[in-house]
Structures are given as structure tokens and as C-alpha cells.
Amino acid sequence: MAKLKTAVLISGRGSNLQALIDYCQSENSRAQISLVISNVKGAAGLEKATEAGIISEVIEHNLFKNRNSFENALTETLDGYGIEFICLAGFMRILTDAFVKRWHNKIINIHPSLLPSFKGLKTHERALQEGVKFTGCTVHFVREEMDTGPIIVQAAVPILSDDDPKSLEHRVLLAEHRCYPLALNLIAENRVTIINEKVSIPNSKAPGVFFSNPIE
Ligand code: GRF
């Protein structure tokens, strides 16, 4: 069966890209990473694509006169490679309504918090400031408003008493690397439906155990 032809859009390090590449190389994966696009020349993630033998393109936003012309170039490239689905992985550009509509339900994002808490940047700093005992990550469909859209997968990560933003980022990233491939594969397997802007995944398993932080 043909695999879902997926592009990953990045701006930097590309650790989520690597997790998606690794998963998609396994036989079980129903998605394949066919293209990587970076809006930043020299982004570290581009090397990860090259090492995996995946085509990459650099489309620098600052070479375009406005957002629309940049996004037209993105769509032209995506269409040129026959891309069916997009994963945003640390892609640091806000997308216009027109682009999001063009890729409706065909574009997902990963965010380092339990949405709808801590939308935007500096999520770990803010979670620590608020003193919440759990944070985590969210994979969601992209909608016009930033960091909204039907939620596909979330993972909860406990905040430890000696955490700082770096240590928390590190543990949340480990969760991200599990959640992103899981979400993409559920979609590629056609197991995800959206009803009234909520994701339904029939027959999916959920952890049955309640856990608190702290535990005693
Ligand atoms: C991740 O924390 C992701 O949740 C956020 O940007 C970061 C990208 O990291 N959207 P990487 O480039 O995947 O390592």
C-alpha cells in the first residue's frame, strides 16, 4: 500500500524531524518523509535530512516581499513533489489563513505544552513560573489561530522540584519524539477522524492508571 507522502517543515535543530525520519524508516510506518523544507539556510535539521537521503529545500522567507509570496513558493514546492501531508516541526513562521485553508486537515504541529495551556513561546519558563505539577506536549491539526486545532496526541510530563527550563525542555522533548511519529502514523493509517473539531480515534488504547505528582 502506498505510504502517505509527507513533508516536514523546519527552522532549526530538527530533533522532531529526526524522530519522524527514524519512525518512518521502520516497516510498520504508513507514512514516508519525502521532503524537508527549511525557511532558514544552514538549519541543523537540513543535515539530518541529507544523512537520511531525503530531499531538502531551503525557502528563505526573507527573500520574499510578503507572506503570501513566500507561502506560494512553499505550496509550489510541496505540490511539485506530490506532497499530501505536512508536519510542522519547530517551523518558526506564522502561516496565513489562506495557507492553512489550502492544507486543511493536512497539516499538523507539535507544541511543547499541554494545550490549551501555554500557547506561544517560552512554554517551559511559564509552566515553571505557574508552579504546575505536569506539563507535556501536544500534536494537533493546524487551524488559523496559532496553537489551536483538534488535538491528536498529548503526553503528560511531571515537573520535578529541581527542574529548570533546560532540564524540563529535555524531558518534554523525549515525549515529543514519541508523540509526533505516533500521531502521524495514526493519521496515515486513517484511524483519525475529526468530529465537531475534536479528534476521535476508535479502538485506541489509553493509559488506565491515575498518577499524581508528587506520588507521596
Ligand atoms: C520543539 O520543542 C517543538 O515542540 C517546538 O519547537 C521545538 C523544535 O525542536 N514547536 P526540534 O527542531 O524538533 O528539535
Query raised in the report: Could you give every pair whose Cβ atoms fall below 7 Å, whose first residue belongs to region 197-216 and is farther than 14 Å from PRO158 by Cβ, and whose second residue is of a type in the set (S, T, N, Q), counting only separations of at least 6 or pairs across chains?
Result: SER200/THR193
Report summary line: Going through region 5-30 in order, the residues found to be within 20 Å of LEU95 (Cβ to Cβ), open to solvent by less than 50 Å² (accessible area, probe 1.4 Å) and away from the ligand (no atom under 11 Å from the Cβ) are THR6, ALA7
Report summary line: Scanning region 147-182 residue by residue, the ones that are within 11 Å of the ligand (Cβ to nearest atom) and either polar (S, T, N, Q) or in a loop (DSSP other than H, G, I, E, B) (or both) total 1
Query raised in the report: Are there any pairs with C-beta distances below 8 angstrom linking a residue in region 36-57 that is more than 19 Å from THR75 (Cα to Cα) to a residue that is assigned to a helix (DSSP H, G or I) and of a type outside the set (Ser, Thr, Tyr), with the two at least 6 apart or on different chains, and if so which?
Result: GLY45/LEU17; GLY45/GLN18; LYS48/LEU17; LYS48/GLN18; LYS48/ILE21; ALA49/LEU17; ALA49/ILE21; ALA52/ILE21
Requested in this report: List every residue pair whose Cβ atoms lie under 7 Å apart, where the two residues are 6 or more positions apart in sequence or sit on different chains, the first residue falls within region 74-99 and is over 21 Å from ALA183 (Cα atoms) and in the same structural domain as LYS3 (by TED's automatic domain parsing), and the second residue, located anywhere, is of a type in the set (Asp, Glu) and surrounded by fewer than 16 Cβ atoms within 10 Å (Cβ to Cβ).
Outcome: ASP97/GLU144
Report task. Using the structure shown, decide if ILE33 is surrounded by 14 or more Cβ atoms within 10 Å (Cβ to Cβ), modelled with pLDDT of 95 or more, among the aliphatic types (A, V, I, L, M) and not in a strand (DSSP E or B). Result -> no
Report task. Consider only pairs whose beta carbons are under 6 Å apart and that are at least six residues apart or on different chains; among these, list those whose first residue lies in region 103-128 and is in contact (Cβ under 8 Å) with a residue 40 or more places away in the chain and within 11 Å of the ligand (Cβ to nearest atom) and whose second residue is outside any strand (DSSP E or B) and among the hydrophobic types (A, V, I, L, M, F, W, C). Result -> ASN109/VAL142; PRO112/VAL172; HIS124/LEU168
Query raised in the report: Across region 36-61, what is the number of residues that are in a helix (DSSP H, G or I), open to solvent by 20 Å² or more (accessible area, probe 1.4 Å) and aliphatic (A, V, I, L, M)?
Result: 2
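The values are calculated or read from the model by the stated rules, or taken from the named source; none is laboratory data. Small disclaimer: the values here were computed from a predicted structure and weren't measured. Reconstructed Cβ throughout: ideal geometry from the backbone, glycine too, with neighbour counts over all protein chains shown. Areas reflect the complete protein model, heavy atoms only, side chains present, ligands, DNA and RNA absent. Shrake-Rupley method; radii C 1.70, N 1.55, O 1.52, S 1.80 Å.
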